[in-house]
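Here is the structure we will look at.
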Amino acid sequence: MSKKITVSLLSLFLSTQIAVTQQTVKAQIQTPVTPTTTTKTICPAQLKSAVDAVTNHPQFSRVRWGILVRNLASAQTLYNQDAEKYFTPASNTKLLTTAAALQQLGANFRIRTSVYQDGDGVLRVVGRGDPSLKVPQLQVLAKQLREQGISQVNQLIADDSYFQGEIVHPSWEWEDLAAYYGAPVNSLIVNENASVLTVVPQTIGKPLQLKWAEPIEAYQWRVENTSVTTPKDQPGLVSVRRDLKGPVLRIQGQLAVNSQPDITAIAVFDPRQNFLRHFRQSLVAAGISVRQMSNGTGVKNEQELAAVESPPLSELLVETNVNSNNLYAEALLRALAIKQPVENNQTTADAGLEVVKNTLTQLGVDPKSYILVDGSGLSRKNLISPEALVQTLQAMAKSPQAEVFRASLPIAGVSGTLRNRLRDTSAVGIVQAKTGTMTGAVSLSGYINAPNYQPLAFSMIVNHSEQPARVVRQAMDEIVVLLTQLRRC
């Protein structure tokens, strides 16, 4: 998975007013690649040999390709290579999660965060897994409370019980858990459960300086900084790692004295305490003192004193798919659990997975064509066939939610994880597709509005690849360009 900071998290950093250069703002955007395809038009009968010429290249002799291309209008299969077989899908998993969420919850669904009064001077904040909630929303809650005359809180309780189960999936890889894109998923989320920081060169020979997007973060970490500032124009490489056993941050490497700041983000160690600290700070800033903080649950939510809501689901889907945000996908998976009772000892995520499967089956997606264990694609236990992805794309194209679903996908050469791909090709602006990348696995699935042919749905997955991801992407982009050049013959 990409380790570059997302656009939504980057907004946290902008308030620090440190210059952000094009080099540092990569935000999960891939290296620009221009496919080498030169064919201007191609007949459907020529498609198989043209695609095979790409997939059979010697550099792919040891990899597994899964490809399916279908005409959306007629459901005619134009190309198939092992499309019924299972593959590790990476972030293409999000297509199934977001399709189910849109079908079940609707485009206007919002996630509410509430503050209740549990007694004299006792406030309980109840989270329901809003992945978009950040410090400004906490400030809104604090302002609402202050306007009701509250100036002191004897006890502030964090009710994190809405989601049940592990906050990270047990099959996620260790190296992902400390990174922002593997952040824990709980009911009380703030700033995407990540800490954004910048490493800045100082004078030569001195350690690099740490600057936090939220100054309160500095009190949550014990920093072991062995980095150094080097002379002008020296090569630089910085490693920022979080200990898995505690809130310890290790900074290693070097930056030249004239280097641009290095921006990164790490997953918080204790998301519930992270939320409480930020909310307390917002309350104090609003003129409300807080004597004590604790964790707890409540049975009755009778007197709601303050509340904020997330943007509508249509906007949450855009962040999920355009920027491939794992936390958003996992939160939406758990939000689906409200559509059915959670059984004893069943996690909220597992209940959400049942809703996903039932929803996709109702849409006509073969339940045997995929196996899901999470909502984001971080787990390598997810298995999805290109057939399942294309069936999902076909079903959503016929859904009343078709326009909203398509709007959540990156556009070739324009937005999100496809912004720097397929530029200066016939695919720009007419391909909407979800990317996916993890070590050894690359995927791309979506829609093509071919100008001289009918609209297409396609899915491509490569597994067991020893090639750099950029090499596989270039081959996939070459195939996409071929599909945009189809014409009736």
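Per-structure values
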| quantity | calculated |
| --- | --- |
| Residue satisfying all of: in region 154-169; over 18 Å from the mean Cα position of the chain (by Cα) and surrounded by fewer than 21 Cβ atoms within 10 Å (Cβ to Cβ); farthest from GLY377 (Cα to Cα) among these | ASN154 |
| Test result for LYS232, under 27 Å from GLY253 (Cα atoms), touching a residue at least 24 places away in the same chain (Cβ under 8 Å), out of contact with any Asp or Glu (no Cβ under 7 Å at 6 or more places or on another chain) and of a type in the set (Lys, Arg) | yes |
| From the options VAL355, VAL284, residue that is without any contact (Cβ under 8 Å) to a residue 60 or more places away in the chain, of a type in the set (A, V, I, L, M) and part of a helix (DSSP H, G or I) | VAL284 |
| Single match in SER114, SER91 (criterion: assigned to a strand (DSSP E or B), surrounded by 15 or more Cβ atoms within 10 Å (Cβ to Cβ), touching a residue at least 60 places away in the same chain (Cβ under 8 Å) and hydroxyl-bearing (Ser, Thr, Tyr)) | SER114 |
| Selection from region 135-152 of residues that are of a type outside the set (A, V, I, L, M, F, W, C) and either part of a helix (DSSP H, G or I) or surrounded by 19 or more Cβ atoms within 10 Å (Cβ to Cβ) (or both) | PRO136, GLN137, GLN139, LYS143, GLN144, ARG146, GLU147 |
| Verdict on ASN323 being in contact (Cβ under 8 Å) with a residue 60 or more places away in the chain, in the same structural domain as ILE461 (by TED's automatic domain parsing) and of a type outside the set (Phe, Trp, Tyr) | yes |
| Residue among LEU105, LEU68, LEU9 that is crowded, with 22+ Cβ neighbours inside 10 Å and at pLDDT 95 or above | LEU68 |
| Region 218-264, subset of a type in the set (S, T, N, Q), more than 18 Å from VAL196 (Cβ to Cβ) and part of a strand (DSSP E or B), residue farthest from the chain's Cα centre (by Cα) | THR230 |
| Of the criteria (1) more than 30 Å from VAL122 (Cα to Cα); (2) at pLDDT below 95; (3) not hydrophobic (A, V, I, L, M, F, W, C), which one GLN303 fails | (1) |
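The values are calculated or read from the model by the stated rules, or taken from the named source; none is laboratory data. In this text, all values refer to a predicted model and were calculated from it rather than measured experimentally. FYI the Cβ positions are ideal-geometry reconstructions off the backbone, even for glycines, and counts take in every protein chain you see.
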